[in-house]
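Trainee: After the structure tokens below, expect a handful of questions from me.
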Amino acid sequence: MALYSEKVMDHFRNPRNVGVLEDANGIGEVGNAKCGDIMKIYLKIENDIVEDVKFETFGCGSAIASSSMATELIKGKPLSEVLELTNKAVTEALDGLPAHKIHCSVLAEEAIRNAVKDYYDRNGIEYDAEQFADSGCCHENDE
């Protein structure tokens, strides 16, 4: 069996939604010091819908593929659905990631959550802080 699925390779070689979104109204950035991955997600939200999304990722192929897939999964979706996106959903959409690369999908989930939180903060929208609590999943115990 190949280490990476065809979908992972496709999203790594041909990432979708790459770049900076100049008119973003929600920006989320996360990083993992141990593996060196840094992910930045830009959201353009109108009427609680993600109208556009872009990303910049400095990292391995799995990080780039996770960012790309995550943006595809949330584009055009209402924020209520965006906030339900999990790293498991990103991993499944990529037809799996090696166990030691799961943290890449977690970073994508966290970057998106941070971007939505940033949107709420910028616009004075109330939210439950627990909904944005750091999972702590991948900051110290990564492979």
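Trainee: Out of segment 66-80, which residues are assigned to a helix (DSSP H, G or I) and touching a strand residue (DSSP E or B) at 6+ places or on another chain (Cβ under 9 Å)?
Mentor: SER66, SER67, SER68, ALA70, THR71, GLU72, ILE74, LEU79
Conditions (1) at pLDDT below 95; (2) closer than 18 Å to HIS11 by Cα; (3) of a type in the set (A, V, I, L, M, F, W, C), marked per residue:
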| position | (1), (2), (3) |
| --- | --- |
| LYS44 | no, no, no |
| ASN47 | no, no, no |
| THR57 | no, yes, no |
| GLY96 | no, yes, no |
| HIS103 | yes, yes, no |
| TYR119 | no, no, no |
| TYR127 | yes, no, no |
| GLN131 | yes, no, no |
| CYS137 | yes, no, yes |
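Trainee: Confirm whether ARG113 is touching a Phe, Trp or Tyr at 6+ places or on another chain (Cβ under 7 Å), touching a residue at least 40 places away in the same chain (Cβ under 8 Å) and of a type in the set (Lys, Arg). Outline the logic, then answer.
Mentor: Details: touching a Phe, Trp or Tyr at 6+ places or on another chain (Cβ under 7 Å): yes; touching a residue at least 40 places away in the same chain (Cβ under 8 Å): yes; of a type in the set (Lys, Arg): yes.
For ARG113, the condition - touching a Phe, Trp or Tyr at 6+ places or on another chain (Cβ under 7 Å), touching a residue at least 40 places away in the same chain (Cβ under 8 Å) and of a type in the set (Lys, Arg) - is met.
Trainee: So if I check each of ILE41, ILE45, which one is over 28 Å from SER5 (Cα atoms), in contact (Cβ under 8 Å) with a residue 60 or more places away in the chain and aliphatic (A, V, I, L, M)?
Mentor: Criteria check complete, one pass: ILE45.
Trainee: Take the residues in segment 13-30 that are surrounded by fewer than 17 Cβ atoms within 10 Å (Cβ to Cβ) and not in a loop (DSSP other than H, G, I, E, B); name whichever of them is nearest to the chain's Cα centre (by Cα).
Mentor: GLU29
Trainee: When you scan segment 37-51, do you find a residue that is surrounded by fewer than 16 Cβ atoms within 10 Å (Cβ to Cβ) and either part of a helix (DSSP H, G or I) or in contact with an Asp or Glu (Cβ under 6 Å, 6 or more places away or on another chain) (or both), even just one?
Mentor: No - not one qualifying residue is present in segment 37-51.
Trainee: Need the failing condition index for GLU72 against (1) over 17 Å from GLY19 (Cα atoms); (2) in contact (Cβ under 8 Å) with a residue 40 or more places away in the chain; (3) within 14 Å of the chain's Cα centre (by Cα), just the number.
Mentor: All conditions are met except number (1).
Trainee: Would you confirm whether any residue within segment 35-44 is among the aliphatic types (A, V, I, L, M) and in contact with a Ser or Thr (Cβ under 6 Å, 6 or more places away or on another chain)?
Mentor: Scanning segment 35-44 turns up at least one residue that is among the aliphatic types (A, V, I, L, M) and in contact with a Ser or Thr (Cβ under 6 Å, 6 or more places away or on another chain).
The values are calculated or read from the model by the stated rules, or taken from the named source; none is laboratory data. Since we're looking at a predicted model, the values are computed, not measured. Glycine gets a Cβ as well: all are built from the backbone with ideal geometry, and neighbour counts include every protein chain shown.
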